[in-house]
2 protein chains.
Amino acid sequence: MAASIEDVAARAGVSVATVSRALRGLPNVAPTTRGRVLEAAQVLDYVTNPTASRLAVGRTFTIGMVVPLFTQWFFTQVVAGAEAVLATAGYDVLLYNVSGADGRRRFLDRMPFRKRVDGIIVVDLPLAEDERVTLAGLGTPVVTVGLVTGHFPSVSIDNAAAATTATRHLVNLGHERLALISGVPDDPLRFTAPVDRRTGWRQVLVEKGLDTPMELDVPGHFSLAGGAEAMGQLLALDDPPTGVFAESDEMAIGAMKAARELGARVPGDVSIVGFDDHDVAEFFGLTTVAQPVRQQGAVAAEMLLKALAAGAADTPDRVVLPTRLRVRSTTGSVRPSRRERDLAARA
Amino acid sequence: MAASIEDVAARAGVSVATVSRALRGLPNVAPTTRGRVLEAAQVLDYVTNPTASRLAVGRTFTIGMVVPLFTQWFFTQVVAGAEAVLATAGYDVLLYNVSGADGRRRFLDRMPFRKRVDGIIVVDLPLAEDERVTLAGLGTPVVTVGLVTGHFPSVSIDNAAAATTATRHLVNLGHERLALISGVPDDPLRFTAPVDRRTGWRQVLVEKGLDTPMELDVPGHFSLAGGAEAMGQLLALDDPPTGVFAESDEMAIGAMKAARELGARVPGDVSIVGFDDHDVAEFFGLTTVAQPVRQQGAVAAEMLLKALAAGAADTPDRVVLPTRLRVRSTTGSVRPSRRERDLAARA
DNA sequence: CTGAAAGCGCTTACAG
DNA sequence: CTGAAAGCGCTTACAG
């Protein structure tokens, strides 16, 4: 049987109150007493029972994280980033996996975190007004990552600006016919990132007076296969794009493979820029807009710890982490388009 | 303030003992009483405080999972598989991330799971004898996945047999010069899977009387880049292999890319078979040996729940899940080797 | 600096 | 079928 605080007290010849104070390093414990307690604890191989401690203190020392699909790269990174700082601070992490719109509904209806966590990190999950109110009503601090509610502290990136950077990069290379491989067309969860990225893309095109025909805006479902299919559609156009911005690296890599298989050179015939700087982006030589993923989790965790310490949050912080273009080998300056070559050939 | 069991008792006009019984569906509660309790709980929006409940019951209702790098695909899948069944059974999951040999040491020395979990799932982490004894001494049931200790119940696959299948597939296609891209050469954690896979590979070659020169056994570090580098080494040989077995899909995909960039066709010049059936294997058309990854986590969780229910485990189960060859487009029948072509040209 | 006692919010024999 | 009381293993005023 594992030793309890009473066993330690008995062995050290003091009360359990003193053991508790000594072990936690509180002041007002005589050095010699503390020594005896520490030794007894050592000998008995004592560790405090967290369940009992939590009940007494009235805190769970666990943080709940709501994550859409924790099996996906992006989310595992965010979780890992948060987990690392929370573990250091002595907090456990309780994961809740939400998939689909009804999953979110179920989460907010049942609120499985009630009485279980001291704080909540919501990753990427857009919240309807009533859902936000429900969450706020819990009375436990909430920090969001990837979405900005205006009511909870948040950490995110500027998706529109990042998309602008990616698109401008293509424009600066001389590309004028630009396509977008976007995320999910009818997203039940209504993530905001894909929408914002499209906004940034469009903005540059409009600013430069370039065309933004529907046919150059195709969905890639945030997957390799989706990216490949999208690229197939684009290359089948009479006047295919010479520059493609994919809203995620996975789609970009799928697009690269499709391009290659269809005989289009990257970046010779078509330049591709992705988004994320996924672990594998470097290996594939993908030019992309890097976002700090683990760091978003880590910063969210720190903000939550701060809120926990401060008691009530003053004004909700809103941290926007920087993104940055990483130019690798999938983008290059523009070459004559197929149509231009055809025209030239005819002349 | 959230309602407590006392609030419910007061509102229902019964004792807290009765509330406790009614809410947990225990027998010996009058139907009308139960009705009143349920209604009161409903009105007060009561949920039981798990910390208090756990302390009273003497169980934590949480399972600890020790995972080498939970950010990697394989491990996230195992965790997700276990998590799904544990959540359904009302258990939380506490993750502990071990990286490097000292990380394992630290884990076993400090045993952060003491008094915190009711059971432990160890994923893929080989245990030294003393470490095994330490774990067993905890008195909480342990199930291992990916390693077989003979002392704890385990769920795993037959890595050697699976590798045999992969290698035989190449042999059956007529390949005689076969290479292995293995895992990590000096693995501080001493994972057994890569070793067993090599054993299976070797066994087939020996059985068929084929050569197994050192130069055809190269490390790929379980990464894309490592697989690519390994393939580069292999293709630089005077007499390069026509068939390559990579111990993971990631290495296989890296190898595919390297082959293509070096002008070798897959499977025209070199066939490649991987291991895992990673999420992306299908997209890349990779022939591979599929292992059930999520299922290993799920089965481990079920075994643990069984052990928890049974009290003491009888004889340690040892579940070996089936693997299966998935033939896609990276393997094909053998073509004349470069050397053979050279000889033919000279004749 | 230290201890006795109450309390955290449940569950569980035990008695009735 | 129900309730009073003890107990789970800690922490924390309070008194000394």
Practice item. Using a 10 angstrom cutoff on alpha carbons, build the Gaussian network for chain A and name the most mobile of A:264, A:52, A:179. Key: A:52
Review point. Which angle from 0 to 90°, rounded to the nearest 10, does the C-alpha axis of helix A:73-88 make with the longest principal axis of chain A?
Key: 20
Check your understanding: Once both axes come from the Cα atoms, what is the angle between helix B:159-172 and the longest principal axis of chain B, in degrees from 0 to 90, rounded to 10?
Key -> 30
Check your understanding: For the protein assembly as shown, with equal point scatterers placed on the C-alpha atoms only and solvent neglected, what are the log10 I(q)/I(0) values from the Debye formula at q = 0.05, 0.11 1/Å, to two decimals?
Key -> -0.31, -1.24
Check your understanding: By the gyration tensor of its Cα atoms, with a ≥ b ≥ c the square roots of the eigenvalues, what is the shape of segment B:115-205: rounded for a/c under 1.5, prolate for a/b over b/c, or oblate?
Key -> prolate
Point to revise | Whole-angstrom gap from segment B:9-34 to segment A:1-18, using each part's C-alpha centre | key: 37
Exercise for review: Place a +1 charge on the Cβ of each Lys and Arg in chain A and a -1 charge on the Cβ of each Asp and Glu, then give the dipole magnitude about the Cα centre in debye, rounded to the nearest 20.
Suggested key: 760
Practice item. Could you list the residues of segment B:168-208 with an amide nitrogen less than 13 Å from a label point located 7 Å from the Cα of residue B:158 in the Cα-to-C-beta direction? Key: B:200
Check your understanding: Say we join alpha carbon atoms closer than 10 Å with springs in a Gaussian network model of chain B; which of B:119, B:200, B:209 then has the biggest fluctuation?
Key -> B:209
Study note, to complete from the structure: Sorting from shortest, the nanometre distances separating the label point of residue B:72 (7 Å past Cα along the line to Cβ) from those of the same residue in the other copies are 2.4
Check your understanding: Angle, helix A:224-235 long axis vs. longest principal axis of chain A, Cα atoms, 0 to 90°, nearest 10?
Key -> 20
Revision key, fill the gap. Note to self: C-alpha centroids of segment B:66-86 and segment B:213-275 sit apart, in Å, by 28
Study note, to complete from the structure: If one builds a Gaussian network model of chain B from Cα atoms under 10 Å apart, the most fluctuating residue listed among B:214, B:111, B:256 is B:214
Revision key, fill the gap. For chain A, using Cα atoms only, the Rg and Dmax in Å read 26.7, 103
Exercise for review: Work out the count of Lys pairs in the protein assembly as shown where the Cα-Cα distance is under 30 Å, with the pair 8 or more places apart or on different chains.
Suggested key: 8
Practice item. State, to one decimal in nm², a quarter of the convex hull surface area for the C-alpha atoms of segment A:36-76, i.e. the direction-averaged projected area. Key: 5.2
Exercise for review: Return the percentage of antiparallel bridges among DSSP beta bridges fully within chain B, rounded to the nearest 5 %.
Suggested key: 10
Point to revise | Percent of beta bridges antiparallel (DSSP, the protein assembly as shown, rounded to nearest 5) | key: 10
Practice item. Quick one: compute the contact order of chain B, relative version, from alpha carbon pairs under 8 angstrom and 6+ residues apart, as a percent. Key: 17
**Study point:** Cβ-placed point charges (K, R +1; D, E -1), dipole of the protein assembly as shown about Cα centre in debye, nearest 20
**Key:** 1060
Check your understanding: Check residue B:325: other-chain or 5+ apart residues with amide H under 5 Å from its amide H, H built from backbone geometry?
Key -> B:290
Review point. Quick one: what do you get for segment A:224-324 if you divide its Cα Rg by 2.2 N^0.38 Å?
Key: 1.49
Exercise for review: Mind listing the label-point distances from residue A:130 to the same position on all other copies, shortest first, one decimal in nm, points 7 Å along Cα→Cβ?
Suggested key: 6.1
Review point. In µm²/s, what is D for segment A:5-48 at 20 °C and 1.002 mPa s, where D = kT/(6 pi eta Rh) by Stokes-Einstein and Rh is the Kirkwood radius from Cα pairs?
Key: 219
Study note, to complete from the structure: Inter-copy distances for residue B:43, nm, shortest first, label points 7 Å along Cα→Cβ, are 5.7
Study note, to complete from the structure: Yeah, segment A:143-194 with a ≥ b ≥ c from its alpha-carbon gyration tensor (a/c under 1.5 is rounded, else prolate when a/b outruns b/c, oblate otherwise) is oblate
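The numbers here are math on the coordinates, done by the rules we state, and not lab data. Worth saying up front: this structure is predicted, and the values here are computed from it rather than measured. Every residue, glycine as well, gets a Cβ built from its backbone with ideal geometry; the counts of neighbours run over all protein chains shown.
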